[in-house]
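Report on one structure; see the data block that follows.
The values are calculated or read from the model by the stated rules, or taken from the named source; none is laboratory data. Quick caveat, the model's predicted, so the values are computed rather than measured. Because the Cβ atoms are built from the backbone with ideal geometry, glycine has one as well, and the counts that use them run over all protein chains shown. Note: accessible area is taken over every heavy atom of the protein model, side chains too, but ligands, DNA and RNA are not part of it. Shrake-Rupley method; radii C 1.70, N 1.55, O 1.52, S 1.80 Å.
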Amino acid sequence: MNLPAIIARAYFALDAALDAAIAPSYTAFGYRLRRALLWDERDLDVDLSGRVVAITGGNSGIGYATAQALAQRRATVFLLVRNPDRGEAARRQLLIDTRNPHIYVETLDLSSLDSVRGCVARLRAQANRLNVLINNAGAEYRTRQVTADGLEASFATNVLGMFALTQGLRPLLAAAAPSRVINVSSGGMYTAKLDVNDLQFERKPFNNLAAYAQNKRAQVMLTELWAAFWRADGIRVNAMHPGWVDTPIVQAGLPTFRKVLGRLLRTPEQGADTIVWLAAAKRIESITGEFWFDRRERPKHKTGRTRNPIEDYRALWDTCLRLTTRS
Ligand SMILES: NC(=O)c1ccc[n+]([C@@H]2O[C@H](COP(=O)([O-])OP(=O)(O)OC[C@H]3O[C@@H](n4cnc5c(N)ncnc54)[C@H](OP(=O)(O)O)[C@@H]3O)[C@@H](O)[C@H]2O)c1
């Protein structure tokens, strides 16, 4: 083995050891170390003029930082946001920050299937293609709540709304092939095996963190299914997790965790890096169905106990289709 190959192997072994340690890996420390040792900065030296990107939750946190990085690279960016005023404020800020005039806002409440359908219809009327869809928006609910559609709110927002949006935008993604879908999951999904018999916590007591982890596992399973189903259409579908990032979802949902980690938390820009890389880097154009963190493929499971059999994948898909298809 030659010297560069030995050095590369040593770096990758260090990276894997860091990832196994979780805490240093998920913080800003892991980001800085990997950036210094492993990444090729030229990967993001790209001009995205003419590429159309849609980002859910593009008004805040990781979504805003992603929108900013892609707008800086001249992409046309649709911010899909639930609050039009916050969306408009983000658009104005992006115009100032990036001087890219091709930034648009569309209203989308992922917890409402009517809202998702409306957003899909408007996007399909305005754009003839979509190069990148970033399913970034996410929510964590303290208690079990039921939406106007009669669904448990975290499942409705994090899983079903994302499913309906992605399915609805498939024609636009196919028209732009090779196109990319990026699903923003969470390292929390490593704790979960999906309970396909109780996706909405109807039979067991509701637990906010368990519900969130279940939703994030479901996102990874849907990623695997879409990757397989849409491979022939040239639509590449990947999932990722951003590490631990100082954003409103953490500020509201995990205040003690935030206090303890303090400045060790990643910035939104650091959390967004792998999303931007998956959206823009040329070298990953043909890769699909994988789970990423800090610009590297990661295992989808850390223990065999979280693996679902193939029948569970089918059950998840069938449930999502049934609940999103109007009778
Ligand atoms: N921060 C972390 O450490 C961390 C770790 C792992 C995974 N993640 C994931 O990263 C993604 C981005 O989160 P963030 O950390 O950037 O937090 P954030 O700043 O709170 O962003 C969450 C975004 O989701 C939007 N959203 C929530 N419910 C929605 C709904 N019903 N319909 C449409 N949009 C909705 C929010 O809109 P509003 O502004 O209107 O509330 C906001 O734009 C999420 O999927 C989260 O689960 C974050």
So how strong a dipole does the chain carry about its Cα centre when Lys and Arg Cβ are +1 and Asp and Glu Cβ are -1, to the nearest 20 debye?
200
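What net charge is computed for the residues neighbouring R34, neighbours being all others with C-beta under 9 Å from the C-beta of R34, Lys and Arg scored +1, Asp and Glu -1?
Values: positive: R32, R35, R295, R296; negative: D15, D294.
Net charge in that neighbourhood comes out at +2.
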With the Cα gyration tensor of region 1-105 giving a ≥ b ≥ c as the square roots of its eigenvalues, does the rule (a/c under 1.5 for rounded; else a/b larger than b/c for prolate; else oblate) give rounded, prolate or oblate?
prolate
Once both labels are modelled 7 Å past Cα along the beta-carbon direction, what's the R283-T143 spacing in nm?
5.0
Per-pair calculated FRET efficiency, R0 = 51 Å: R258 and A125 via Cβ, rounded to 0.05
0.80
Percent antiparallel among DSSP beta bridges confined to the chain, rounded to 5, stands at 15
What are the residues whose amide H is under 5 Å from the amide H of R236, where those residues sit 5 or more places off or on another chain and H is modelled from the backbone?
S179, R180, V181
Give the residue from G253, Y190, M162 lying farthest towards the positive end of the charge dipole for the chain; charges sit on Cβ (+1 for Lys and Arg, -1 for Asp and Glu) and the dipole is referred to the Cα centre.
Y190
Answer check: the chain, Cα atoms, Kirkwood Rh, Rg/Rh ratio of 0.95
In this structure, among K193/K282; K204/K259; K216/K259, pairs with alpha-carbon gaps over 28 Å are K193/K282; K204/K259
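Looking at the chain, identify the longest residue range that excludes and avoids all GluC sites (Glu not before Pro) in DSSP loops having at most 14 other Cβ atoms within 10 Å.
That would be 1-201.
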Of all accessible heavy-atom area on the chain, the percent that carbon and sulfur account for (1.4 Å):
52
FRET efficiency for L225 and R296, Cβ-Cβ distance as r, R0 = 30 Å, nearest 0.05?
0.85
May I ask you to list the residues of region 11-50 whose amide nitrogen lies under 17 Å from a point 7 Å from Cα along the Cα→beta-carbon direction of A5?
11-13
